[in-house]
Amino acid sequence: MPQFNTVNLLDYTLIALYFGVIIWVGFYAAKQNKTTDEYFKGGGRIPWVIAGLSNWVSGYSAFMFVAAAGFTYLHGIGAVVLFTSAAWAYLAGYFVFGIRWRRARIQSPLQFLSRRYSPSTTYFYSITAIIPQIVAIGQGLYILCIFISTALGFNERTFDLGLITLTGFQLSIILTGTVMVVYSVIGGLWAAVLSDTVQAVIITIMTIIVFPVSYIYLGGEGGLWNGFIRLLNEAPEGYFTLTGNAANPWFLFSYAINIILGYNVAWAIVQRYISVPKESDTRKMALLCAVLSIVGPLLWILPVMASRIIFPNIETLWPSFAVPAEASFVSLALLLLPHGMIGFVVSAILSATLGQANDAFNWLAATLTKDIYVPAHRRIARSDPSEKRQLLVGRTTMLVVGVLGIAVALYIPKLGGAFEFALQFYSLTAAFMMPVALGILYTRTPWWSGIASCSAAIGIALLLMALGVWGEVPFVRNMLSESIVATIVFFGSSLWYKPDDPRNASIREFKRDLQTPTVDEIHFDRSGMKVYRLIGTICFIFGGVLLTCIFVPSTDLAPASINFVAGMMLTLLGAGIFILTRDRSHPSEEN
């Protein structure tokens, strides 16, 4: 039985420090938000590097280090095919979607639906998207807390709080969910992208450390290279060939559709594309994400593959898990990392999922405020609500959505493991994204085509589900049926498109905007430099803490020198950021 390093006071201190930094980021971001435009889209002033890192890391969450890790442990090389596929999706953003979203000239993601289709389409999407998004937030927290409660060692414990008694799993959901709600309500999109950038730094450093350490341990006296040789020689038969879903062409085709939609027309991604200052920044952002989406996943996929040899009988280590393989990455961390870095890893997984959940209810709050509340107030009061009132409604909406997400996480069932649940959930919601992708590429369909296309896709998916058709492959069934039906209905509706119909006036205007480059104001924005220096400061904080951890007791298997290496990497990164931004800062420049 491996001797895991359980979380101790030092690790809890580092986790608490992370919580404090994230809330501090939220208050810093609040200073940027004087209008709803700044609250929901960063005022269009978010630097492309920050937006790109935020965009990339929004694809990360505990899902990658729990559910996807479980898939990797079981199926091997197929994980590389699946989990690096975001790179090709981001290239589609580079060539096609990024500039189109920038030219859409929208303030909130769902405003696209009003411009491309009709205000009634926005209402339709807003109402039908509420429940799926709340479930998505709850799912993210649920998967996260499988990791958190296990790493902290209180998954099976109970806590008597007087009025109620909670399990460690439930308590972790409430605490992490509360932090998520607080910093998001305070800071808006600025808080989201800044915290996402912190998460990108943490995840990158953490995976760079775990990767070589895993193979050095596996290689024993033979070192790193011998670890790779052992994996090649001792891996189960078929581990380096495509098996299971990764060998199913229909699954791969369905997965490709899902990835293209998820990384180009998901509302949280749209927010990043409309938040940068220039059209050219969207392409830089997408290219950065494409590169990171190849390198980043390999840094956690390869260690998890090594864990198949290190923990050949992982079900005996985690018998209470529905899918014990989903604990493979956390097992590596608890076995091979010293105290300090363990807290750092928990913070990394925590931060990634918080950022993804924050993205979800940030855009939902933006939509309910800008596209539901403002038009309703305009019709009833014959005037627009004040910016102060809109900010209040936006923050209140975020609070309500976040609390409901926590409630869902407390009750979400363990159906077939986190990976299977996520696949089925996202395949059912793909119907909402098909008309978005089609609508921004082709504009000669009538105002009602979005509702018709989405409704038909949802209808066929629910019908096939009720009839039990292809019940053994629900993800493929949902993705293919929804995509085919949505596409047929969408392009079929073009037969009823009449350019001179007054109800299509907004569509004609939208088409002209897509063909017209935006006017970029070329000026030096010192606020961007302040943002970079904030990230540099956070690197110094975390780096300094890890450098001091060199003095904590450690073991030969998990030496404190690992803390020193991570601390130096963060400190050097922080110093580099300050050097690069100092030369471009000039006190005489105006914001």
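Shown here are the Rg and Dmax of the Cα trace of the stretch 233-299, at 16.7, 52 Å. The phi-based Karplus calculation (6.51 cos²θ - 1.76 cosθ + 1.60; θ = phi - 60°) puts the 3J(HN,Hα) values of the stretch 160-170 at 8, 9, x, 6, 9, 10, 10, 7, x, 5, 5 Hz, whole numbers, x for Gly and Pro.
Distance between the modelled labels on V469 and S561, one decimal in nanometres: 6.2 nm (7 Å Cα→Cβ projection). Backbone phi angles across the stretch 120-136, fed through the Karplus curve with coefficients 6.51, -1.76 and 1.60 (θ = phi - 60°), yield HN-Hα couplings of 5, 5, 4, 4, 4, 5, 4, 6, 6, 8, 4, 5, x, 5, 5, 4, 4 Hz in residue order; Gly and Pro are listed as x. Positive contributions from Lys and Arg (+1) and negative ones from Asp and Glu (-1), summed over other residues with Cβ under 14 Å from the Cβ of G220, come out at -2.
Given R0 = 30 Å, the distance between the Cβ atoms of T396 and F159 translates into a calculated FRET efficiency of 0.50. Per-peptide packing, taken as the mean over residues of other Cβ atoms within 10 Å, places 256-269, 303-316 in the sequence 256-269, 303-316 from highest down.
Amide H contacts for T167 (H built 1.01 Å from N in the peptide plane; partners 5 or more residues away or on another chain; cut-off under 5 Å): F159.
For M305, the shell of other residues with beta-carbons less than 13 Å away shows a net charge of +1, using +1 for Lys and Arg and -1 for Asp and Glu. For the stretch 532-544, putting each phi into the Karplus relation 6.51 cos²θ - 1.76 cosθ + 1.60 with θ = phi - 60° gives couplings of 4, 5, 4, 4, x, 4, 5, 4, 4, 4, 5, x, x Hz, in residue order, rounded to whole numbers and with x for Gly and Pro. Modelled spin-label separation between K388 and I484, with each label point placed 7 Å from Cα along the Cα-to-Cβ direction: 5.7 nm.
Where in the stretch 421-461 is the amide nitrogen less than 14 Å from a point lying 7 Å along the Cα-to-Cβ axis of D501? Under cut-off, by backbone N: 443-453. When restricted to Cα atoms, the stretch 214-360 yields an Rg and a Dmax of 18.9, 54 Å, respectively.
Just so you know, all these numbers are worked out from the coordinates, no wet-lab data involved. Remember, predicted model here, so these are calculated numbers, not experimental data. When we count neighbours, we look across all protein chains shown, and the Cβ atoms used for this are built from the backbone with ideal geometry, even at glycine.
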